[in-house]
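The values are calculated or read from the model by the stated rules, or taken from the named source; none is laboratory data. Source: prediction; values computed, not measured. Cβ placement follows ideal geometry from the backbone for every residue including glycine, while neighbour counts extend to all protein chains displayed.
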Amino acid sequence: MASGRSSFPALRSRRLKNSSFRISAFNNRGNQEMIIDTHVHCTRPNFVRSRFLANNSRMAASLYNRVHKTNIKPEDYVNMVREKSDPDGSKLLAEMNDAGIDKSVIFQVDWAYGVTGEPRMRNQDQNKVLADYAKEHPGRFIPLCAIDPRRPDVIEQATVAIEEWGMRGFKLMPSAGFSASDRLCYPLYEKCADWKVPIVFHSGGLEFNWELSSPNSIASAAEDFPEVNMVMAHAGLESWEQCRLACAALPNCFMDLSIRQFDYMINPKKFYEWLRDLIDWSGAHKIFFASDRPLPTYYLPTKDWVKVFDDPQTDIEFTREERDLILGKAAAAVFDCK
């Protein structure tokens, strides 16, 4: 992996260097690095149950109203999500092409075991759907297996996903009712070490059981499994300083910037100051571009979220190398993109 900046240089103002925006996912980019969206959900009506939608829609509608100064209701948000239903992945591919995104890391969330019960399409079957998406569109999708490590057959399901279906890692949701540092998770981590695949964790609050997804608990697991790359999704949300320190201190800890569209839309100036701080502490090689599609695309379309990093409109300087690392070069190493 390309080395990043020193972890603790003094913060200082930098002038922005001009850059051109990427036009297309595969054409006319010359020597520019690929763009990878490292946090994407594919949406189908039978993937989640009503309890999840009820909880998620309250949160999402509230955040939407903060960004757009509107007053939509939770049921309005549910209808918006239904419009994103994408049984064959074609809508996602169109959005990727429009934004100039080469690859997306795709996964679902296993709420079934700890929170909602199995949806109409079982969690294991959902994983197979995403594995099939990747096979149907070679080079575009990196599918991760979403699974709750408390499932009695977790190793069996994980083995099928990696060894038979060709999935490329795991998505774990501690908010479903466990801690990342709980020893019950360790058999799965041991297999990840054997397979040399990464794990993406939800980190920080939102949705259920806010207290269970502390970046510190993920960091503790990362200390015990230094050979397993662990990605803290959302840069820890409200616990971002824990995330920042973990990524600075532990070689196998990384962060993604999914759902941070909210921060940017509320205050772009403070967002760029925060991003500069993350880079100066942790290094751009520890930070991944991510959207968390579909929810945050209602705050800011994905193609505009790409521009926030590719052509930042700020007096704070971000070097071309830093921007390329965040947009995909860093993630390409962790997710083993050829």
For segment 256-268, state whether one or more residues are aliphatic (A, V, I, L, M) and touching a strand residue (DSSP E or B) at 6+ places or on another chain (Cβ under 6 Å). no
I need the full set of residues from segment 134-156 which are in a loop (DSSP other than H, G, I, E, B) and either within 17 Å of Lys191 (Cβ to Cβ) or touching a residue at least 60 places away in the same chain (Cβ under 8 Å) (or both), in order please. Leu144, Ile147, Asp148, Pro149, Arg150, Arg151, Pro152, Asp153
(1) more than 21 Å from Glu207 (Cα to Cα); (2) at pLDDT below 95: which one isn't true of Ile259, the others all being true? (1)
Subset of segment 273-292, residues surrounded by fewer than 20 Cβ atoms within 10 Å (Cβ to Cβ) and either outside any helix (DSSP H, G or I) or not acidic (Asp, Glu) (or both), comes to Trp274
Could you say whether any residue in segment 318-334 is more than 29 Å from Ser85 (Cα to Cα), in a helix (DSSP H, G or I), out of contact with any helix residue (DSSP H, G or I) (no Cβ under 7 Å at 6 or more places or on another chain) and small (Gly, Ala, Ser)? yes
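Residue under question is Arg244, and the condition is that it be of a type in the set (Lys, Arg), in a helix (DSSP H, G or I) and buried (at least 21 other Cβ atoms within 10 Å of the Cβ); does it hold?
yes
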For segment 184-204, how many residues meet the condition of being loosely packed, with under 14 Cβ neighbours inside 10 Å and basic (Lys, Arg)? 1
Of the residues in segment 65-83, how many are closer than 24 Å to Asn46 by Cα and outside any loop (DSSP other than H, G, I, E, B)? 10
Every pair of residues 6+ apart whose Cβ atoms lie under 8 Å, when the first sits in segment 71-92 and is under 25 Å from Lys135 (Cα atoms) and modelled with pLDDT under 85 while the second is among the hydrophobic types (A, V, I, L, M, F, W, C) and not in a helix (DSSP H, G or I): Asp86/Cys42
Take the residues in segment 96-122 that are in contact with a strand residue (DSSP E or B) (Cβ under 7 Å, 6 or more places away or on another chain) and of a type outside the set (Val, Ile, Thr); name whichever of them is surrounded by the fewest Cβ atoms within 10 Å (Cβ to Cβ). Asp102
Quick one: in segment 247-259, which of the residues that are over 17 Å from the mean Cα position of the chain (by Cα) and under 12 Å from Ser220 (Cα atoms) is surrounded by the most Cβ atoms within 10 Å (Cβ to Cβ)? Leu250
For segment 304-313, which positions are farther than 19 Å from Ala330 by Cβ and within 16 Å of the chain's Cα centre (by Cα)? none
Out of everything in segment 297-317 that is hydroxyl-bearing (Ser, Thr, Tyr) and in a helix (DSSP H, G or I), what residue ends up being nearest to Ile101 (Cα to Cα)? Thr302
What pairs come out if I take residues in segment 166-184 that are among the aliphatic types (A, V, I, L, M) and pair them with residues that are part of a helix (DSSP H, G or I) whose C-beta lies under 6 Å away, six or more apart or interchain? Met167/Ala131; Met167/Ala161; Ala176/Gly114; Ala176/Val115; Ala180/Pro174; Ala180/Ser217; Ala180/Ile218; Ala180/Ala221
Is it fair to say Ile266 is over 25 Å from Glu156 (Cα atoms) and more than 14 Å from the chain's Cα centre (by Cα)? yes
Just for segment 76-134: of the residues that are in contact with a Cys (Cβ under 7 Å, 6 or more places away or on another chain) and of a type in the set (D, E, K, R), which one is nearest to Met59 (Cα to Cα)? Asp86
How many residues, within segment 166-194, are touching a strand residue (DSSP E or B) at 6+ places or on another chain (Cβ under 8 Å) and either aromatic (Phe, Trp, Tyr) or assigned to a helix (DSSP H, G or I) (or both)? 7
